[in-house]
Amino acid sequence: MKIKGKKIADISVMIAGKAGDGVLFTGNVLAKILKRQGWWVSTYRDFPSNIRGEPTNYTIRASLEKIYGQADDIDVFMAFDCGAIIDHADKIVKGGIFLCDGLGLAHVAPSRIDGRTYHIFPLRKLARENFQSELYKNMIALGALSHILDLDFRVIEGIISETFLKRKGKKIVRKNIRAVRLGCQQAKKMIEQEEIHPLVEKKDSGRLLLSGNEAIAMGSLAAGCRYFAAYPICPATEIWQWLAVVLPEYNGLVIQTEDELAALNMALGASYAGARAMTSTSGPGASLMMEAFSLAGMAEIPVVVAHVQRVGPSTGMPTKTEQSDLDQWVYGSHGEFPRIVLSPGTIEECFEFTVKAFNLAEKYQCPVILLTEQDYGQNLRTVKKFDLTKVKIDRGKLLNQEELEGIKDYRRYKFTPDGISPRALPGMKNGLHMVESNEHDQNGYRDEDSENRIRMMQKRMRKLENAAKDLIPPRVWGDRESEFGIIGFGSTFGPIQEAIAQLKDRKIRAKYMQIRTLWPFPRKKVEEFLDSCKEVFVVENNFTGQLGQLIRSQVQMPIRIKNILKYSSQAFRPQEISSQIQMAVR
Amino acid sequence: MKKDKDFHLSDPTWCAGCGIYGIFASLKKAAVALDLDPEELVLVTGIGCHGRLNNHFKAYGFHALHGRALPVAQGVKLSNPSLPVVAISGDGDAYSIGLGHFIHALRRNINITYLVVDNRLYALTQGQSSPTSHRGYVSASAPYGTKENPLDGPRLALASGGTFIARGFSGNPKQLASLIEKGMTHRGFSFIEVLSPCVTQNKVNTIQWFRENITQIDEDPKYDPRNRTQAQGKLTHEGKIQVGLIYVDDKPSYEDLVMPDRDNPLVWNDLNPDIERFEKIMEKFQ
């Protein structure tokens, strides 16, 4: 909560309108300006699965501290129509400011209700009168925001020029800059000095502003992924779209498949032939991939699947966030086979875990799932530049031609102490073998003998027995001495961190375990954590508490955990976690 | 020069008289004629009796899931275009559970060869109707006769933009080998449907029945396989089943369009990140 006249350390600006209004565009320009002014930025989009007409809003949060999600309140609200007032008025903090295009209404005096100021700001009228096109309403809105936030005009000009120069030319750049100035002047006229929320300018230290999907795409490029096959699906498609531009420059290939069945099977074909291959998907697409997921396990083919979760079941809410597909990957598909499911919680982890995923897939010759969510999949966050010197490519027991020729009686699925067999690629001399979806012998040929079946099952399942050293361990945050524990995975990272800070202000100390590898389940570490807590809360964006159930099924000790669940299609706000914990522990 | 036996891994165990023996022999002949090496050839099969080809044919083999031979084969080829890739499916594999892949493979035109072994039923699961069973065909799954109309693979292939469409007969391995050889040298997706009797389950479409019901498309001296209208006419004409090279087109293959750097298959790329180049990519996000 912000108090007027005080220095602003954290601010949230919501831009609302209807799909097609340019809400995302305006918000992204604002996010970039704030990032360039040296602030940590985190955006939150709440869009319908619709191109035009339905209500949509986008929140841009900026802070002097690093942030990983949305705040509890909105400070500044810019609406392209009045309908948004009804939907979001309750989220605006006292002392907040609300600007709304009256859609034809002339300027009326601002009204103050409950400590918030409401202004009618005729965006479209100004755009029509000055630029003969309503399109300019977005830049006029940005101009008004630049006054309220006291933004640096040079930064704005720079970003507008970057945005429009190549695509539209100098004339359009100048016109857009004029629109921003006009918006700023109009805002100056109607908004009193005490209503503005001026931000201090800091130094932009070359940080990046990007989404989790983009970070996964960049991570896969860095990891040497050269083959990407996918079918369009919200909210995962940005991974593909980024790679579609970049991979061909690296002698790589991105292919659009007829469905998700083909996407994963093609990736498996490519990986079998020696490429580092990947696909991306979401809810229903993942269900189609379940068939080939099992093939990857049986045939021991490395592959990476990035799953950006959306709201289910069924088509659900394709552009909104949820954590309800944990079960799908941890337990999904037919038969039993080794698999690895990683859960990044931040944009940095999206990059790092993707690199890791490719190494794990090849080292353990099994499918690796990167389970993320629409929340940080599509929303932008500020991160430090990725450190490429830390990227190491480990192709595991992949043989080169010379090594293969040195092996007498090569067997692709040779029984080895660690269960992992040296891998030859088709086309290599002395490596002839079969890859079977049926149960097979050490050469890969179909074999239905029970004795062989037992040994082959044990060989495959043994691969991950000693993998703990390579997997990403859970991380503990907060006050380690505390007896109140919180457990979560994925996008709850940000809100839980902030909830802990809020609880601290209320004299409640808590700690937090972030589960980063969902499978193989880090049983020992979780048991230690549970053992050190009097009370444990598992925070999840789903109805049934899938992580809670996973914990219950895996730990070998009596436990009592409480679930804090949210399945409204929206990510957690910190207060929703801290207030529930506060109530429970008091 | 290789011989047939160089591709012979073991003696097959299909039912005596099964059409797949003829396909096995034709494939070996084609591989010999093309002077291939077993270690450079990749054979991807689907689920069905044909799937056992991999157990007996000496090459790199991939026995995929039911209906998914094509996606796997296309993935292999795009990663390493230097490998000759042959995918094989049955009529259930290709025209039922994998039909979506078939049509899109035709559109995509990746340089692989696809054989569809058509015995007009599901043999491995004991004789249910398939998409090529004729209407009224009595089977384990249709005791009162199949109610659906049969699908015609080559006609569908022509409509889907196929660039090499042929139909062979397992009872004529010499012609089939020559069709496979032509298909494998075609620059693009080559599709060959192979009529292949199932001696155990199908008592209607027997080898004798096929012999009586097929006709050679090139018996018509005016027939030009590069003429789409003629091909259309032959395939839609009621009467005997047309066998031979039906249609050829010189559209660019998928690889021609996306992989100008054919000499350097992406599987042999150096994967270590070029840090300077990556820094430039990151700049775009600043």
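Let me spell out the model: positive unit charges on the Cβ of Lys and Arg, negative unit charges on the Cβ of Asp and Glu, origin at the Cα centre of segment A:28-90. What dipole size does that give, in debye rounded to 20? Could you put the intermediate results ahead of the total?
Working: 7 positive and 9 negative charges, 114 e Å.
Here the size comes out at about 540 debye.
Each residue, residue A:507 and residue A:111, gets one label point 7 Å from its Cα in the Cβ direction; the gap between the two is 4.2 nm.
Within segment A:209-390, what percent of beta bridges assigned by DSSP are antiparallel, to the nearest 5? Walk me through the intermediate numbers first.
Working: 4 of 24 bridges.
Looking only at bridges with both residues in segment A:209-390, the antiparallel portion is about 15 percent.
Database remark: amide H of residue B:45 closer than 5 angstrom to the amide H of B:62, B:63, B:64, B:88 (H placed geometrically; neighbours at sequence offset of 5 or more, or on other chains; Pro and chain starts carry no H). Peptides B:161-172, A:503-514, ordered by how many other C-beta atoms sit within 10 Å of their residues on average, highest first, read B:161-172, A:503-514. Between residue B:204 and residue A:200, the simple spin-label model (points 7 angstrom out along Cα→Cβ) gives 8.5 nm.
Quote the charge dipole size of chain B about the Cα centre in Debye, to the nearest 20; the model charges only the Cβ of Lys and Arg (+1) and of Asp and Glu (-1). Intermediate values should be presented prior to the final figure.
Values: 31 positive and 31 negative charges, 179 e Å.
For chain B, the charge dipole is close to 860 debye.
Against chain A, whose longest principal axis is taken from its Cα atoms, helix A:237-246 shows a tilt of about 80°. Estimated from helical segments only, the mean residue ellipticity of chain A at 222 nm is -11500 deg cm²/dmol, where each DSSP H run of four or more residues counts as -39500 (n - 2.57).
Each DSSP beta bridge with both residues in chain A is either parallel or antiparallel, and the antiparallel ones are about 40%. Give me the angle, in degrees from 0 to 90, between the Cα long axis of helix A:153-168 and the longest principal axis of the Cα atoms of chain A, rounded to the nearest 10. Tilt relative to chain A: about 60 degrees.
Beta bridges per DSSP, both residues in segment A:10-195: antiparallel share near 60 percent.
Contact order, relative form, for segment A:397-470: 29 percent (alpha carbon pairs under 8 Å, 6 or more residues apart, mean separation divided by residue count). Dividing the mean sequence gap of close Cα pairs (under 8 Å, 6+ apart) by how many residues chain A holds gives a relative contact order of 12 percent. The angle between the Cα long axis of helix A:23-36 and the main principal axis of chain A comes to about 90°, on a 0 to 90 degree scale. Spin-label pair residue A:389-residue B:35: with each label point 7 Å from Cα along the Cα-Cβ axis, the two points sit 5.3 nm from one another.
Dipole of segment A:10-195 computed with +1 at Lys/Arg Cβ and -1 at Asp/Glu Cβ about the Cα centre; of A:153, A:133, A:44, farthest Cα towards the positive end is A:133. Averaged over the residues of B:268-278, the number of partner chain Cβ atoms lying within 10 Å of the residue Cβ comes to 6. For the residues B:239, B:92, B:188, a GNM of chain B with alpha-carbon springs under 10 Å puts the largest fluctuation on B:239. Distances between placed amide hydrogens fall under 5 Å for residue B:169 paired with B:176, B:195, all partners being 5 or more residues away or on another chain. Placing unit charges on the Cβ atoms only, positive for Lys and Arg and negative for Asp and Glu, gives the protein assembly as shown a dipole magnitude near 1900 debye about its Cα centre.
Tell me the carbon and sulfur percent of the accessible area for chain A, rounded to whole percent, probe radius 1.4 Å. Write down the numbers at each step before the final one.
Numbers: 11280 of 22170 Å².
On chain A, the fraction of accessible area on carbon and sulfur atoms equals 51 percent.
Could you please state how large a percent of the accessible area of segment B:106-218 is carbon and sulfur, counting protein chains only and using a 1.4 Å probe? Don't skip to the answer; put the middle values down first.
Numbers: 2270 of 4520 Å².
Taking all protein chains in place, segment B:106-218 shows 50 percent carbon and sulfur surface.
Other protein chain C-beta atoms within 10 Å of residue C-beta, averaged over A:245-253: 4. Roughly how many whole Å is it from the C-alpha centroid of segment A:193-213 to that of segment B:79-113? Segment A:193-213 and segment B:79-113 have Cα centres separated by 52 Å.
Only helical DSSP H runs with n ≥ 4 go in: add -39500 (n - 2.57) per run for chain B, normalise by residue count and round the 222 nm mean residue ellipticity to 500 deg cm²/dmol. Walk me through the numbers before you get to the answer.
Numbers: 10 runs with 89 residues, N = 286.
The per-residue figure over chain B is -8500 deg cm²/dmol.
Sequence-ordered 3J(HN,Hα) estimates for segment A:354-363 from the Karplus curve with 6.51, -1.76 and 1.60 and θ = phi - 60° stand at 5, 4, 4, 4, 5, 5, 5, 4, 7, 5 Hz, glycine and proline given as x.
Using a 1.4 angstrom probe on protein heavy atoms only, the contact between A and B buries about 5200 square angstrom of accessible area, both sides summed. Our summary gives chain B a relative contact order of 18 percent, counting only alpha carbon pairs under 8 angstrom and 6 or more residues apart. The mean count of C-beta atoms from other chains within 10 Å of the C-beta of residues in B:76-89, rounded to a whole number, is 4.
Applying 1/(1 + (r/R0)^6) with R0 = 30 Å to the Cβ-Cβ distance of residue A:586 and residue A:9 gives a FRET efficiency near 0.60.
Once the Cβ-Cβ distance of residue A:314 and residue A:409 is raised to the sixth power relative to R0 = 45 Å, the FRET efficiency obtained is 0.30. If R0 is 41 Å, the Cβ-Cβ spacing of residue A:457 and residue B:16 corresponds to a FRET efficiency of close to 0.70.
The values are calculated or read from the model by the stated rules, or taken from the named source; none is laboratory data. Just so you know, these numbers come straight off a predicted model, no measurement behind them. Positions of Cβ are generated from backbone atoms using ideal geometry, with glycine treated the same way; all protein chains shown enter the neighbour counts. For the accessible areas, the whole protein counts, side chains as well, though only heavy atoms, and no ligand, DNA or RNA atoms are used. Shrake-Rupley method; radii C 1.70, N 1.55, O 1.52, S 1.80 Å.
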